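What follows draws every value from the coordinates through simple rules; no lab data is involved. This one's a predicted model, so the numbers in the text were calculated from it and none came from an experiment. Glycine also receives a Cβ, built like all others from the backbone with ideal geometry; neighbour counts cover every protein chain displayed.
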Amino acid sequence: MDIMKIKILTLGLNNLSLGRRTKFFIATVFLILVAFLIRGQGNLTLKGIVVDKDGDPLMGCNVVIKGTTTAAVTDVCGEFSIPIERDDFTMVFHDMTHEDLRAFEQRLKGGEITADKIVFQIGSGRKKNKGCNQTIDKGLRRFRIE
């Protein structure tokens, strides 16, 4: 917001015949709203697809932003959507096979998130997912994590 507009709003409050507490309350609410608007502009939503080494979607894979409580679980077609900051971050993928629970990490830079969806190809194992008939676009940005 422009400094001049803030000054005009401040002058407008001074000219109103309101008590000091009311003016303070209005100014405080205004500053809190501005802070929330500025903070909200930094968030993005990352949409991705988690696949195995053969490109089959992985259902039920946990996706976590490392160091936070922000998480998502992939659907039947391996897709997920997770809110992220514009800063650099590390994504952790937890996938469970019949043998064990595996974790994979991928460090991402905020500037790398430019595509609508990103494909994360994890592991060396294979789990055939017969529940999804969706074809994954070959042109999507891919990260291979082993």
Go through 52-59, 135-142 and give me the packing order, highest mean Cβ count within 10 Å leading.
52-59, 135-142
Compute the FRET efficiency between ARG86 and CYS132 as 1/(1 + (r/R0)^6), taking r as their Cβ-Cβ distance and R0 = 30 Å, and round to the nearest 0.05.
0.45
